[in-house]
1. Which cross-chain or sequence-distant (5 or more) residues have an amide H under 5 Å from the amide H of Asp65, H modelled 1.01 Å from N in plane?
2. If you average the sequence gap of Cα pairs under 8 Å that are 6 or more apart and divide by the length of region 32-98, what percent do you get for the contact order?
3. Which percent of Cα-Cα pairs in region 32-98 sits in each 10 Å bin, short to long?
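Readers should treat all values here as calculations from the given coordinates under stated rules, not as data from a laboratory. What you see is a predicted model; the values in this text were computed from it and never measured.
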Amino acid sequence: MSKKKFSAPKPGKRRRLSPAAMEWRGALRPGAARVVALGCDRLLVENHAGLAEFTSRLVRLDSADGPITIEGEELQLSDMRPQQLTVSGRIARVSLPGGGNPA
C-alpha cells in the first residue's frame, strides 16, 4: 500500500480546486430549493416559493421544504426572476430547512 503525501501550497501560490471539489450534488428532487454561493458575497437561490421578508440584514424566502433565511449586512436583491433570485452583500449566515447551515 502506498502512502500519498499531502503538500501544502507554497506561500503566495494558490491551489486550484477542480469543479467537482467545489460543488456538492445531493439527490435533488424536482422543485427542491437550491442555494449556490457565487463567491463570498453573492448567493443564487433557485426554486424558491416567494419572498417572505426582506431588509438590509435579513432575507427570508419560502420554499417547499420550509423557510430559507439569509442573514448579513447591506443585503440587496440584485437579480429577481420568477423562481430564482440573487442576494448580494456581506452574507454572514444561511439557514436552510431542516436545520442545515452551510455558512
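1. Ala33
2. Values: 163 pairs, mean separation 20.6, N = 67.
So the answer I get is 31 percent.
3. Over region 32-98, the share of Cα pairs per 10 Å bin runs 24, 63, 13 percent.
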